[in-house]
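Enquirer: Please find one structure pasted underneath; my questions will follow.
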Amino acid sequence: MLRNYSPYTLIILSFLSLIFVGTILLMMPFTHISDKGFTFIEALFTATSAVTVTGLTICDVHSTFSTYGEVIVLLLIQLGGLGILTLSSVIILLISKKISFYTKRLVSEGLNHEAKIDLYLHIKKVVFVVLLIEAIGAVLLFFVFIKEFPWHKALFYGIFHSVSAFCNAGISLFPHNLEGYTFHIYMNIIIALLIILGGLGFTSIIELFEYVTGKRRKISVNSKFSMLITLILLGVGTFLFFILEYHYTGELTNESFGGRILISFFHSATLRTAGFNTIPIEGISGATAILCIVFMFIGASPNSTGSGIKTTTFGILCLGVRASLLNRRYIEYSKRRISWQLFNKASTLVFIAFLYILTMAILMISFDSDKDTIKILFEIMSAFSTCGLSMGVTHSLSLSSQIILLITMFLGRVGPLTIALAFSRERDKGNYRYPKENILIG
């Protein structure tokens, strides 16, 4: 029966099912503190935010949920970050030791990877590397939290924040996210590295891991390209955040240069997809908010836990523009030729994403005309990129705007092209071509 559905449709259904189950579980009395009022929309919003690894919330996770509720949120983040289809395939492999061609195609689409690879081996590598990185992160964070909490609470906090950081969820168990660790160098570096690794993509992480351990002689062009764009964005983001927020971070750090650099680096790493913050985001300037919106729009790399239009999409557009300005016939990178068809696909994705965000922003501004326009643009872009950074207005938005954010978080995690392909049908190609014509532009 499932074979009657396309892989794209099943990817959408798997996420919807997980959100539904998560919402029901979070509505159970044992998952939240009894003296706190808790509504269905809060449960749905929290479950959607966790499954789509976004981080936007309309309630404080720590003061609203019991330990059971926090564990459920943690599981939703992990399942949403890895992908429910990937974990389902792991179960199939453990039981039957083999996987059908249809399931291979299904999981390949879920991982945004080519079906021709050895998927059995690839899934094992993905799960192993992800759990290894999260375990290392949890242990390192445990030594941070053990100084403040009992060992069992420090261990849980270490696991929760490690998974949340690697999955680029940005959900924290502290009322003000990580603002209590603004100048904690150890904490900042661990969280930032987990965010960067989670945003690189499963394939790039595996190739990097194998290259470091000597199992691979060279890294693929695709992985090198995504790593290069990531490093460029990280460096440019740190520099621009430092310049634009020089006065604000100076007030927070008592004019400390090192403190300013630490704040700028951490938020450059987190503002594209992760959603953690060590300073109040509502205090940043309008110019920095625009910078964050642009970087959130770009997002993480393909087959990662993050969203946005992806670093490689942005990179392909830059290479294409460069080739056009230099009047070159081909797009070139690392002694390889990249087709203009790929550039066209990237342009289409950016156009669709921009048009959607513009439309939703206009609707939200009309629903909440009393809110600052920049803040609304910030929230809708944060939802689309599944970043989760907030300027503090999400909880006070109207129900209509919150529903738009719900839909946008889901769309951002699944991907606009996945949804478009799920509803598309193959059309017969005619054996003809129309005459060529030129249209003036510019």
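Enquirer: Under a 5 Å amide H to amide H cut-off, with H placed in plane at 1.01 Å, what residues pair with F65 once short-range neighbours are removed?
Expert: For F65, whose amide H was placed from the backbone, the distant partners under 5 Å are I33.
Enquirer: Modelling each spin label as a point 7 Å along the Cα-to-Cβ direction, I'd like the F354/L131 distance in nm, to one decimal.
Expert: Taking the simple label geometry, F354 and L131 are separated by 4.4 nm.
Enquirer: To continue, here is another question. In whole Hz, with x marking every Gly and Pro, tabulate ³J(HN,Hα) for the stretch 176-193 from phi via Karplus 6.51 cos²θ - 1.76 cosθ + 1.60, θ = phi - 60°.
Expert: Listing the rounded values in order: 10, 6, 10, 5, x, 10, 3, 10, 7, 4, 4, 5, 4, 5, 4, 4, 4, 5 Hz.
Enquirer: Per residue, what accessible area does the stretch 188-339 have, given a 1.4 Å probe and all protein chains present, in Å²?
Expert: Heavy-atom SASA per residue in the stretch 188-339 reads 44 Å².
Enquirer: May I ask you to evaluate 6.51 cos²θ - 1.76 cosθ + 1.60, the Karplus curve with θ = phi - 60°, for each residue of the stretch 306-315 and list the ³J(HN,Hα) values in order in whole Hz, giving x for glycine and proline?
Expert: Whole-Hz 3J(HN,Hα) from phi for the stretch 306-315: x, 10, x, 6, 5, 4, 5, 4, 4, x.
Enquirer: In addition: If you count only protein heavy atoms and use a 1.4 Å probe, how large is the accessible surface of L349, to the nearest 10 Å²?
Expert: 30
Enquirer: Still on this model: Between I362 and T9, what is the label-point separation in nm under the 7 Å Cα-to-beta-carbon projection?
Expert: Result for the modelled spin labels: 3.2 nm.
Enquirer: Among the listed pairs K125/K215; K310/K345; K124/K310; K215/K310; K224/K310; K124/K215, which have their C-alpha atoms separated by more than 18 angstrom in this model?
Expert: K124/K310; K215/K310
Enquirer: Obtain the nm distance between the two label points defined at L342 and I185 by a simple spin-label model: each point lies 7 Å from its Cα along the Cα-to-C-beta direction.
Expert: Distance between the two pseudo-spin positions: 4.0 nm.
Enquirer: Between F143 and H247, what is the FRET efficiency for a Förster distance of 41 Å, r being their Cβ-Cβ separation, to the nearest 0.05?
Expert: 0.75
Enquirer: May I ask for the net charge around M391, where only other residues with Cβ less than 10 Å from the Cβ of M391 are counted and Lys, Arg are +1 while Asp, Glu are -1?
Expert: Once positives and negatives cancel, what remains is -1.
The values are calculated or read from the model by the stated rules, or taken from the named source; none is laboratory data. Because the structure is a prediction, the values reported are computed rather than measured. We place every Cβ from the backbone using ideal geometry, glycine too, and count neighbours over all the protein chains shown. Ligands, DNA and RNA are stripped out before the accessible areas are found, and what is left, the full protein with its side chains, is counted by its heavy atoms. Shrake-Rupley method; radii C 1.70, N 1.55, O 1.52, S 1.80 Å.
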